[in-house]
1. For segment A:299-335, name all the residues that are more than 13 Å from A:Tyr283 (Cα to Cα) and either in contact with a Gly (Cβ under 9 Å, 6 or more places away or on another chain) or modelled with pLDDT of 70 or more (or both).
2. So in segment B:156-180, with the set limited to residues that are within 12 Å of chain A (Cβ to nearest Cβ) and either in contact (Cβ under 8 Å) with a residue 60 or more places away in the chain or buried (at least 24 other Cβ atoms within 10 Å of the Cβ) (or both), which one is farthest from B:Val75 (Cα to Cα)?
3. Determine whether B:Phe34 is of a type outside the set (D, E, K, R), outside the structural domain of B:Leu164 (by TED's automatic domain parsing), crowded, with 21+ Cβ neighbours inside 10 Å and over 21 Å from B:Lys15 (Cα atoms).
4. Check A:Glu25, A:Glu16, A:Glu5, A:Glu84 and return the single one that is of a type outside the set (A, V, I, L, M, F, W, C), out of contact with any Phe, Trp or Tyr (no Cβ under 9 Å at 6 or more places or on another chain), more than 10 Å from chain B (Cβ to nearest Cβ) and part of a loop (DSSP other than H, G, I, E, B).
5. Could you tell me which of the residues A:Asp48, A:Asp114 is under 55 Å from the mean Cα position of the chain (by Cα) and either at pLDDT 90 or above or outside any helix (DSSP H, G or I) (or both)?
6. Hey, does segment A:53-62 have a residue that's assigned to a helix (DSSP H, G or I), surrounded by 12 or more Cβ atoms within 10 Å (Cβ to Cβ) and not assigned by TED's automatic domain parsing to the domain that holds A:Phe301?
7. Would a scan of segment A:282-291 turn up a residue that is loosely packed, with under 14 Cβ neighbours inside 10 Å and at pLDDT 85 or above?
8. Residues that are at the interface with another protein chain (Cβ under 9 Å from one of its Cβ atoms) and without any contact (Cβ under 8 Å) to a residue 40 or more places away in the chain: which helices (runs of 4 or more DSSP H) entirely in segment B:1-89 hold 2 or more of them?
Amino acid sequence: MKCNEIRELLSPYIDEALDESEMREVEAHLSACGDCRNEYNEIKEMVDLLGQAPMVPVPDEFRFRLRKGLNEEKQAMIKDGIIEKRSIRSRWRIITSVAAVFAVGVISFGLYHDIIGVLPDQLNDKAQSGEVRGESAAPRTADTELYSQDAGVNYDMLTGGNMAPGRVSEAQVEDRQEEAERMEDAARVMLGAPDGELKMAAPPNQFPNSGAEGEEASVQAVEGGVPDQTAEGVSRQDDANTDDEASFRKEASRSTSSGVEREMTSEEYYTSLLEEKLKDFDYQILSKEYTQDGEWRFQVFIFYGKDGYTYNEGITIIGKGGKLEAIHSGKVMGL
Amino acid sequence: MTFDQKEKQLIHKAKMGDEQSFESLILGCQNKAFNIALRYLKNEEDAMDALQESFIKIFRHLKTFKEDSRFDTWVYRIVVNTCNDMLRKNSNQKITDSIFKTEDEKETVIEIPDPSGSPEEVFDRKSKTEHIISCLEKLSLEQKEIIILRDIHGFSYEEISEILNCSIGTVKSRINRSRLRLREILLEQK
């Protein structure tokens with residue numbers, strides 16, 4: 001084989017893409033011909049070095065960009081009739097949502113029983129002996145009153161009283177969390193009172209203009225009253241309260257402990273704070289979650305600022321201690 | 001469940017419009033696809049644009065994908081076509097940024113793997129690689145793309161023939177010609 005023929009085979013020889021006889025022929029030529037061997041060595045080195053070219057990781061922001069693009073494309077595809085609106089996933093979403101609601105109900109019921117569990121033995125004894133059977137319709141039982149009170153606080157927290165919704169101050173959020181915790185402690189103390197005679201002084205009302213002052217704080221004694229586990233016995237004595245409010249509180253009394261409401265309130269608070277901070281940007285909140293460390297983590301993708309500068313970057317914003325912090329490229333930055 | 005079964009399941013769900021399944025599906029080839037686009041387009045921003053455009057095209061046209069062929073090869077083919085389209089569209093624009101430069105024109109340090117040998121040898125190898133990559137720009141687009149696919153990303157002749165939609169014979173001769181031409185360019189640089 002001549003040199004120019006060998007040159008045509010150098011690449012497949014390097015890639016071992018020749019049949020056995022051709023491989024042997026090229027090998028024999030290379031051992032005899034210095035020029036071709038030189039050329040082979042140079043190409044081989046070049047190929048080896050190209051194989052060591054660095055790989056660049058996909059930037060983190062790409063995930064956010066792609067997700068947004070796919071979302072938009074999906075909507076367009078639904079519009080164009082390429083895919084159905086109610087896909088498997090959305091059906092699953094409904095099923096899982098129903099399951100989640102059911103789970104919350106079960107947990108609420110379980111937590112409720114936990115609180116009942118700390119009642120003094122005599123209360124349990126009375127309940128078991130039937131002394132108190134049929135009293136579930138009592139106008140005010142100890143626990144329903146407590147839950148009403150708690151719910152009242154949370155109702156005000158959620159509606160913000162006469163404050164603008166979602167515009168509570170940092171100090172107020174902390175005060176409210178402390179107050180809710182104090183309520184829980186008070187509930188434990190009260191439920192432990194002898195003979196079911198529960199009396200408690202009104203806690204200091206720290207919520208300005210909460211609109212539920214004395215009535216919310218007072219707890220009336222119910223002699224021999226057994227906590228109504230279904231909370232059906234709730235009867236509002238304050239005529240000033242509207243039916244809606246009463247109904248909300250009744251619902252709230254069925255829900256989980258005040259911790260859940262606290263999270264909802266802090267979520268609203270940090271979301272509004274984030275909206276305020278990012279008001280000069282076009283952005284999208286991709287996800288938010290409440291972590292075990294007691295902080296809200298928001299994944300935010302910022303497209304561009306109103307000054308026209310394009311960012312197209314994803315950042316993590318953490319809401320904790322009434323403040324927001326941004327994490328970008330592993331660095332913590334204030335907001 | 002084998003990899004193929006899992007992939008088929010994800011394709012099935014993604015065809016029905018499930019974005020999460022689609023994201024899982026492309027995760028395996030995303031890094032390679034991004035680096036291919038980066039070699040074609042030479043900057044991260046354009047590479048991300050090409051990748052985004054390609055993935056959205058794939059999402060939309062997934063129903064046309066024949067499940068007896070390889071999904072990743074199909075993805076790379078679309079990425080390569082998208083990059084070529086972008087290059088054609090931008091042919092009048094300045095395309096001179098090196099992938100080793102960021103938007104701020106500062107040098108980005110990208111470590112080269114396999115640091116066997118002395119630091120001097122590693123440095124020497126790194127410099128040589130950078131030099132060869134910069135010389136790719138002197139090749140025609142056709143020659144450059146085959147070097148990117150074969151020598152940088154290590155695709156087989158069969159895979160390249162699928163990605164570029166040409167025969168294996170064409171792939172072989174194009175690889176040979178492109179390498180010989182690149183060697184000539186390197187000799188001219190010395």
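The values are calculated or read from the model by the stated rules, or taken from the named source; none is laboratory data. As the structure is a prediction and not an experimental result, all values here were calculated from the model. Here the Cβ positions follow ideal geometry from the backbone for every residue, glycine too, while neighbour counts run over all protein chains shown.
1. A:Asp307, A:Ile318, A:Gly319, A:Lys320, A:Gly321, A:Gly322, A:Lys323, A:Leu324, A:Glu325, A:Ala326, A:Ile327, A:His328
2. Within segment B:156-180, the match that is farthest from B:Val75 (Cα to Cα) is B:Arg179.
3. Numbers: of a type outside the set (D, E, K, R): yes; outside the structural domain of B:Leu164 (by TED's automatic domain parsing): yes; crowded, with 21+ Cβ neighbours inside 10 Å: yes; over 21 Å from B:Lys15 (Cα atoms): yes.
Answer is yes for this residue.
4. Numbers: A:Glu25 fails: part of a loop (DSSP other than H, G, I, E, B); A:Glu5 fails: part of a loop (DSSP other than H, G, I, E, B); A:Glu84 fails: more than 10 Å from chain B (Cβ to nearest Cβ).
The match here is A:Glu16.
5. Values: A:Asp114 fails: either at pLDDT 90 or above or outside any helix (DSSP H, G or I) (or both).
Being under 55 Å from the mean Cα position of the chain (by Cα) and either at pLDDT 90 or above or outside any helix (DSSP H, G or I) (or both) holds for just one of A:Asp48, A:Asp114, which is A:Asp48.
6. Step one: filter segment A:53-62 for residues assigned to a helix (DSSP H, G or I), giving A:61-62.
Keeping just the survivors that are surrounded by 12 or more Cβ atoms within 10 Å (Cβ to Cβ) gives A:61-62.
Right, trim to not assigned by TED's automatic domain parsing to the domain that holds A:Phe301 and you get A:61-62.
For segment A:53-62, residues assigned to a helix (DSSP H, G or I), surrounded by 12 or more Cβ atoms within 10 Å (Cβ to Cβ) and not assigned by TED's automatic domain parsing to the domain that holds A:Phe301: present.
7. The initial filter retains those residues of segment A:282-291 that are loosely packed, with under 14 Cβ neighbours inside 10 Å, namely A:282, A:287, A:289, A:291.
Then drop every residue that is not at pLDDT 85 or above, which leaves A:289, A:291.
Looking for residues that are loosely packed, with under 14 Cβ neighbours inside 10 Å and at pLDDT 85 or above, one finds at least one in segment A:282-291, hence yes.
8. Values: elements: B:3-15, B:19-41, B:44-61, B:71-89.
Ranges flagged: B:19-41, B:44-61.
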